[in-house]
Every structure is written in C-alpha cells, then in structure tokens.
Amino acid sequence: MAAQLLDGNVVAQGIKDAVAKEIEALKARGITPNLAAVQVGDNPESKMYIGMQKKNCESMGITYNLRPLPTDTAESGLIQYIEKLNEDKNVNGIILQMPLPQGINPRNIQRVISPRKDIEGVNPANMGMLFYGSQKIGPCTALSVMELLKSTGENLKGREAVVVGHSEIVGKPVAILLLQWLMDSPTVTVCHIATRDLELHVRRADILISAVGKPGLIKSEWIKEGSIIVLVGIKRMPDGTAHGDVDFEQASAKASWITPVKGGVGPVTTAILLRNTLEVTKRQLE
Ligand code: NAP
C-alpha cells in the first residue's frame, strides 16, 4: 500500500485525552456533564448506537441518560418533551436518536433543541455559525472530517477538494468547513445525485471526501495520484463486512493518505460528540 493510513482511532484518542482532562477539572469543581439521549420507538439500529454512546460517555465521566419515548409519540408531544429538557438545569446536552418514526419531521425537532444544548450541531443557529467560521459546536461527522484532514499536517491551500454527497449533516457542512480553512482554504467542489460527470471531478481531486454510502460509486482508476481520501460513506453488508464508496485497497495504491473503512471517520465522530458535550457544558457555566 502506498498511502499512509489516516487512522481515526489515533485522532480520536487525541481528542478524547483533551476532553478527559477538561472533564476531570470540571469534576474537581463538582460538575459532571449530563447528556439526555432521546429515543422515540425502538429502532434496532439506533439501539446499537445508543450502546456505543453510553459506553463512550461513561468512560469519559459524562452521565448518559437514555430517555425512551413510545413509538406513537406525536410530534407535538416530542417538542414539549424537548422543551422541558431545554429548561432542565440538570441536563447539559441533548441528543436525538435517528431515525424518528414516520410522521415526525426531524427538522421540526432539531430547531427546538436549544442551541446551548445541541451537541449534534443540528439546530439552525449552530448550523448558521458554520458560515461565520466561528463555530465550536457543529455536526459531528463534518467536524471529524476536518480533524482527520488536519492530522495529516498537509497544506490544503488552493488545492482541489471534491466532496461527494450533499446531505445536511455531512456533505454540505464539510464543504463550508473546508472553505473556512482561512488562508489555507482549498477550492471546493460539491458533487451530488444530479452531477453529470462524477469521474471528471474525482479525477481532479487532491482531497476527496466521499459521503454517499454506495460501494463502487467511485472507481479506483479515477483516484488522483497522491490524493488525500476521507471515506465517510460506508455500507454495511448482510455478511457483516463494510465497504466504502471507493475500494479501500485499490485506492490505497494511488492515494497519499486514506481513512480505513473501519477505524476511520467513525471513532472521530464519537470523540467529537464527547467534545461537543464538554463544550456545551462549559458554555452553560459561563
Ligand atoms: P444521506 O443523507 O443519504 O446522503 C447521501 C448523499 O449522497 C446525498 O446528498 C445524495 O444526494 C448523495 N448521492 C446519492 N447518490 C449519489 C450519486 N450517485 N452521486 C453523487 N452523490 C450521490 O447520507 P448521510 O447521512 O450524509 O451519510 C452518508 C454516508 O456517510 C452514509 O454511508 C453513512 O452511513 C455515512 N456516515 C458515516 C458516519 C460515521 O461516523 N462513520 C456518520 C454519518 C454518516 P441526493 O440527496 O441528491 O440524493
């Protein structure tokens, strides 16, 4: 393999160590960050994420409180519930487990979560801060892509960055954050479902961030020699294997840096969730 491994576990550990230190200092002052995880219904996939979140929070000294609500909870009922959590002085952070049952529009809930407690950075006020480049809280996966890129130590100034996928929680915020790289900002192109010639864009990419979730979408022969690849889009197969939008082994032969399918973006996203929880707690103390 020619590419260096962009190891998410190493980057995540660095973030977690810094978070743990600050939480220790808060604990010495008698403060324990408290996270409320709201789950409507019992989607098996979110069960797995909840287990991981709980384990990670507790290992860091963050109290994780699961707040299960019945599947037939109405949107208005969920809004009222979130409003109570916003007012609850014992709750520092709120996380909303996805997917929500049909009939509940996630946007209507995300905008109710107080920006001061929004550890996923999904409230419009926190999303808006991305445009100013002064955000401390932001969508966890997008921030995790930035941390991975920073960890390479590469200068991205004026280079071609291509983001594939334009979702609200990954593609769009990644594109905005790349533009906030101040004087070292790359030129950013965003590709999506209507992009006519994906190959043309990928072939130019010095930095490729692929966030779709369709294995094989990006052919390894399109990869530019020496590029940096962050594989966000991953699909888990019924046989337990997971595959990225581009084949990891083949892309590794051409890239200079690449994230692994497992142990890439995932652990950093979790670490950012913890960092966001610390950040909201600190803000509430200000
Ligand atoms: P999403 O909301 O489904 O977004 C996928 C995006 O890909 C959409 O913007 C879609 O465009 C675009 N797209 C679909 N087909 C395309 C094509 N042929 N060419 C170019 N773009 C295409 O998913 P998401 O939440 O952003 O997540 C994306 C991937 O990242 C998923 O595989 C997810 O599992 C993974 N992910 C990983 C982590 C982690 O921590 N490891 C976290 C979040 C997400 P349209 O909307 O126009 O169809």
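Data for the structure
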| item | result |
| --- | --- |
| Those residues of the stretch 149-173 which are within 20 Å of Asn276 (Cβ to Cβ) and within 11 Å of the ligand (Cβ to nearest atom), in sequence order | Ser167, Glu168, Ile169, Val170, Gly171, Lys172, Pro173 |
| Residue selected from the stretch 10-55 under the condition touching a Lys or Arg at 6+ places or on another chain (Cβ under 9 Å) and in a helix (DSSP H, G or I), by the criterion most open to solvent (accessible area, probe 1.4 Å) | Glu22 |
| Residue within the stretch 65-76 that is acidic (Asp, Glu), within 20 Å of Gln110 (Cβ to Cβ) and under 19 Å from the mean Cα position of the chain (by Cα) present | no |
| Residue in the stretch 196-208 that is nearest to the ligand (Cβ to nearest atom), counting only those that are touching a residue at least 12 places away in the same chain (Cβ under 8 Å) and more than 15 Å from Lys254 (Cα to Cα) | Leu198 |
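The values are calculated or read from the model by the stated rules, or taken from the named source; none is laboratory data. Nothing here was measured: the structure is a model prediction, and the numbers come from that model. Cβ: placed from backbone, ideal geometry, glycine included. Neighbour counts: every protein chain shown. Heads up: the accessible areas ignore ligands, DNA and RNA and are worked out on the full protein's heavy atoms, side chains in. Shrake-Rupley method; radii C 1.70, N 1.55, O 1.52, S 1.80 Å.
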